[in-house]
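Some notes on the structure that comes next.
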Amino acid sequence: MAKPTDQTDVLLVAATDIELCGHVGFVCGVGPVEAAAATARELALRPPRVVLHVGIAGARGITPGGLVVGGEAVYCDISAEVPVVERVEPDGDLLASVRAAIPEALVLPIGTSASVGGSARDAHRDLRVEAMEGFAVLRACASAGIPAIEVRAISNELSEGDRSRWRIGRALEAISDALPRLLAAVAE
């Protein structure tokens, strides 16, 4: 049975139902295109006061189960010669609240790529954390004027192609443990 958030003005978003860890929330789908389209539609139909986007991610040099708060969301798959938005920062008040709620978390830029296993673009090789939906969700929120923040739990080393070695269960446990504190923090 899903656990209600009691914060009806907070929209909890994840790519998959399992990443909601039993909480009531919105499943935006996997990958940046699906996440952007689904999130924009949900925000238009039922605009919340704030969005908390959670999920698992790959990283370089961060132990599985470690939490990362997105200091910014970076779109890694674009190589246009014209100016485009490729970075979105979280709401500053949300960032401060989330940092206070989960002080054990690192605060780092989180890359968004449609590629599992890390971005192939040289311009983003300095990113330590990558997932597949964060930029899309935060960009949809920014376009709608809704404050948002991304929090990820690490499941694997970015370069690890053998999914049997990923620690998805450990990452989901970390999200599940942090969600009550996160939901309380963003509801304030």
For this session: Could you run through the stretch 7-36 and say how many residues are more than 14 Å from Val137 (Cβ to Cβ), assigned to a loop (DSSP other than H, G, I, E, B) and touching a strand residue (DSSP E or B) at 6+ places or on another chain (Cβ under 6 Å)?
Result: 1
Exercise. Which number in (1) at pLDDT below 85; (2) farther than 25 Å from Ala40 by Cα marks the one condition that Arg167 misses?
Worked result: (1)
For this session: Output the number of residues of the stretch 1-23 satisfying the condition of being at pLDDT below 95, hydrophobic (A, V, I, L, M, F, W, C) and either under 24 Å from Gly65 (Cβ atoms) or within 15 Å of the chain's Cα centre (by Cα) (or both).
Result: 1
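Could you tell me which residue of the stretch 27-49 is farthest from Ser113 (Cα to Cα), considering only residues that are buried (at least 21 other Cβ atoms within 10 Å of the Cβ) and over 14 Å from the mean Cα position of the chain (by Cα)?
Checked the stretch 27-49; the qualifying residue farthest from Ser113 (Cα to Cα) is Pro48.
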Exercise. Which one of Val129, Val116, Val84 is under 23 Å from Ser176 (Cβ atoms) and at pLDDT below 85?
Worked result: Val116
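Taking the options Pro90, Pro103, name whichever one is assigned to a loop (DSSP other than H, G, I, E, B), out of contact with any Lys or Arg (no Cβ under 9 Å at 6 or more places or on another chain), at pLDDT below 95 and closer than 23 Å to Leu179 by Cα. It would help to see each step written out before you state the result.
Values: Pro103 fails: at pLDDT below 95.
Among Pro90, Pro103, only Pro90 is assigned to a loop (DSSP other than H, G, I, E, B), out of contact with any Lys or Arg (no Cβ under 9 Å at 6 or more places or on another chain), at pLDDT below 95 and closer than 23 Å to Leu179 by Cα.
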Exercise. Residues of the stretch 163-183 being within 22 Å of Ser97 (Cβ to Cβ) and of a type in the set (Ser, Thr, Tyr), which ones?
Worked result: Ser176
For this session: Look at Gly55 and say whether it is surrounded by 20 or more Cβ atoms within 10 Å (Cβ to Cβ), at pLDDT below 95 and not in a loop (DSSP other than H, G, I, E, B).
Result: no
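Could you list all residues from the stretch 134-181 that are among the small types (Gly, Ala, Ser) and part of a helix (DSSP H, G or I)?
Step one: of the stretch 134-181, the residues among the small types (Gly, Ala, Ser) are 134, 136, 140, 142-145, 148, 153, 155, 159, 161, 164, 169, 171, 174, 176, 178.
Listed by number, the residues that qualify are Gly134, Ala136, Ala140, Ala142, Ser143, Ala144, Ser164, Gly169, Ala171, Ala174, Ser176, Ala178.
The values are calculated or read from the model by the stated rules, or taken from the named source; none is laboratory data. This structure is a prediction, so every number in the text was calculated from the model and none was measured. When we count neighbours, we look across all protein chains shown, and the Cβ atoms used for this are built from the backbone with ideal geometry, even at glycine.
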